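The values are calculated or read from the model by the stated rules, or taken from the named source; none is laboratory data. In this text the structure is predicted, and so the values were computed from the model without any measurement. All Cβ positions, even for glycine, are placed from backbone atoms using ideal geometry, and neighbour counts span all protein chains on display. Remember, those area values only see protein heavy atoms, side chains included, never the ligands or the DNA or RNA. Shrake-Rupley method; radii C 1.70, N 1.55, O 1.52, S 1.80 Å.
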Amino acid sequence: MATSTPKHGDHFKEVKSSHIGLPALDISAAFPQATPASIFPPSASDYYQFDDLLSPEEKALRRKVREVMEKEVAPIMAAYWEKAEFPFHVIPKLATLRLAGGTIKGYGCPGLSITGSAIATAEVARVDASCSTFILVHSSLAMLTIALCGSEAQKQKYLPSLAQLHTVACWALTEPDYGSDASSLRTIATKVTGGWMIDGQKRWIGNSTFADVLVVFARNTSTNQINGFIVKKDAPGLRVTKIENKIGLRIVQNGDILFKKVFVPDEDRLPGVNSFKDTNKVLAVSRVMVAWQPIGISMGVFDMCHRYLKERKQFGAPLAAFQINQEKLVRMLGNIQAMLLVGWRLCKLYESGKMTPGHASMGKAWTSLKARETVSLGRELLGGNGILADFLVAKAFCDLEPIFSYEGTYDINSLVTAREITGFASFKPAVLAKASRL
């Protein structure tokens with residue numbers, strides 16, 4: 001009598017049902033020897049006591065931001081980063097910090113010093129870089145453009161709600177064909193009766209998938225100059241889709257924006273934007289803020305490594321006891337002290353009216369470069385756990401990459417500074433000589 005032999009596929013199904021698809025162990029149970037970033041480590045990076053340079057108000061703001069970020073954002077950030085989703089329930093908590101509007105005075109805005117706003121940016125980025133980018137786009141780009149370039153009626157209409165984070169804004173400059181060469185943008189604004197018709201496309205626009213208000217830059221077809229406009233989220237002809245598959249700032253919702261005959265009434269044209277040069281007064285502030293994001297990220301990574309090395313043991317001793325680990329930790333700490341002082345000096349140059357575009361560009365380029373080195377050292381120190389978002393460093397490693405590129409790439413910012421110190425502009429490639437007949 002013939003007997004049936006179990007097929008290989010049946011065996012695989014048994015294995016699959018018993019082993020595959022089980023939920024992951026909680027990280028604390030899977031790796032009990034070190035504390036994950038959901039319980040954020042205490043601050044340990046202010047070795048040169050930079051806090052002494054801050055005013056009492058700036059110190060209080062720093063403490064408040066640190067407390068809220070560690071309590072409300074740290075426990076949930078890895079999960080939302082993994083899903084590439086935005087934690088909308090956190091927005092009311094961020095609103096209590098009163099960071100939206102930054103240095104803007106009046107209209108419900110906090111009127112912070114630029115140093116206070118910068119310190120707050122760093123403290124948010126210390127825990128989560130995506131949250132700091134969300135606030136920066138909303139506040140230091142979109143809101144500041146309305147404050148510096150908008151009419152009085154526009155300021156009164158839009159800023160109070162944006163300052164309370166009851167509404168959210170984005171800032172649409174970059175296009176698929178024009179990133180570093182943003183002044184060549186092709187999105188157009190055509191004058192029509194009662195307003196303007198916008199046609200074109202934007203890309204990489206943070207907050208755009210859920211923004212209530214879009215600050216948009218387009219080329220005036222009559223003057224060929226760049227103008228600014230305020231566009232509402234439900235405007236007919238406006239379409240926004242999420243950019244997928246990012247490896248960094250995954251919580252930030254970057255979008256592609258399509259404008260197909262989007263009507264903007266005259267009252268929503270920004271009167272203070274009549275050429276691309278008019279964006280410089282906004283970018284001067286935002287570039288200072290972005291320079292503080294790598295500082296904050298580096299602070300968080302150092303704090304994580306500082307705790308981890310004392311908790312994690314190998315060869316019968318804490319990792320912090322090994323010479324090579326101590327050297328790396330100190331190198332990270334030294335980078336942070338230098339970055340803090342460069343960032344602080346940049347704020348003081350701005351406050352005194354002495355800051356130039358070259359100053360801001362070098363600050364952003366240099367802090368992002370040193371942060372890359374710092375975070376890479378942290379990645380080495382955590383070994384296998386250095387590739388898990390649960391221990392912050394891998395997440396920070398990835399989040400730093402888009403920051404290295406946006407608000408001017410490292411190379412472009414270096415060229416801005418170089419133009420200032422040499423007198424030669426080198427943005428455009430040299431004209432190619434005619435090919436020789438030989």
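Tabulated data for the structure shown
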quantity	calculated
Filter result for the condition that a residue is farther than 19 Å from C347 by Cα and either part of a strand (DSSP E or B) or open to solvent by 10 Å² or more (accessible area, probe 1.4 Å) (or both), over V264, V273, V301	V264
Residue within the range 158-167 that is buried (at least 20 other Cβ atoms within 10 Å of the Cβ), of a type in the set (S, T, Y) and in a helix (DSSP H, G or I) present	yes
Check on K71, out of contact with any Phe, Trp or Tyr (no Cβ under 6 Å at 6 or more places or on another chain) and assigned to a helix (DSSP H, G or I)	yes
Boolean, L349 is under 22 Å from the mean Cα position of the chain (by Cα), at negative phi and either not in a helix (DSSP H, G or I) or not charged (D, E, K, R) (or both)	no
Single condition Q314 does not satisfy, out of (1) under 15 Å from E407 (Cβ atoms); (2) open to solvent by 10 Å² or more (accessible area, probe 1.4 Å)	(1)
Among residues of the range 207-221, those that are outside any strand (DSSP E or B) and not polar (S, T, N, Q), counted	3
Restricting the range 170-197 to residues that are of a type in the set (F, W, Y) and at pLDDT 95 or above, the residue that is nearest to the chain's Cα centre (by Cα)	W171
T96 vs. criteria under 30 Å from L54 (Cβ atoms) and hydroxyl-bearing (S, T, Y)	yes
Selection within the range 91-121 - outside any loop (DSSP other than H, G, I, E, B), in contact with a Lys or Arg (Cβ under 7 Å, 6 or more places away or on another chain) and closer than 13 Å to L144 by Cβ	P110
Pair list, Cβ < 7 Å and 6+ apart or interchain, from the range 78-90 residues that are part of a helix (DSSP H, G or I) to residues that are open to solvent by less than 30 Å² (accessible area, probe 1.4 Å) and of a type in the set (K, R)	A78/K395; W81/K395
Options L309, L249; residue that is out of contact with any Phe, Trp or Tyr (no Cβ under 8 Å at 6 or more places or on another chain), open to solvent by less than 10 Å² (accessible area, probe 1.4 Å) and assigned to a loop (DSSP other than H, G, I, E, B)	L249
Single unsatisfied condition, F424 versus (1) in a loop (DSSP other than H, G, I, E, B); (2) over 21 Å from V282 (Cβ atoms); (3) touching a residue at least 60 places away in the same chain (Cβ under 8 Å)	(3)
Qualifying positions in the range 28-60 - outside any loop (DSSP other than H, G, I, E, B) and either under 19 Å from A320 (Cβ atoms) or open to solvent by 40 Å² or more (accessible area, probe 1.4 Å) (or both)	S28, A29, A30, D51, D52, L53, P56, E57, K59, A60
Within the range 227-246, tally of residues that are part of a loop (DSSP other than H, G, I, E, B) and more than 28 Å from G195 (Cα to Cα)	4
Top-ranked residue in the range 107-116 [being open to solvent by 40 Å² or more (accessible area, probe 1.4 Å) and of a type in the set (G, A, S); ranked as farthest from E152 (Cα to Cα)]	S113
The range 170-203: number of residues that are in a strand (DSSP E or B) and in contact with a Pro (Cβ under 9 Å, 6 or more places away or on another chain)	5
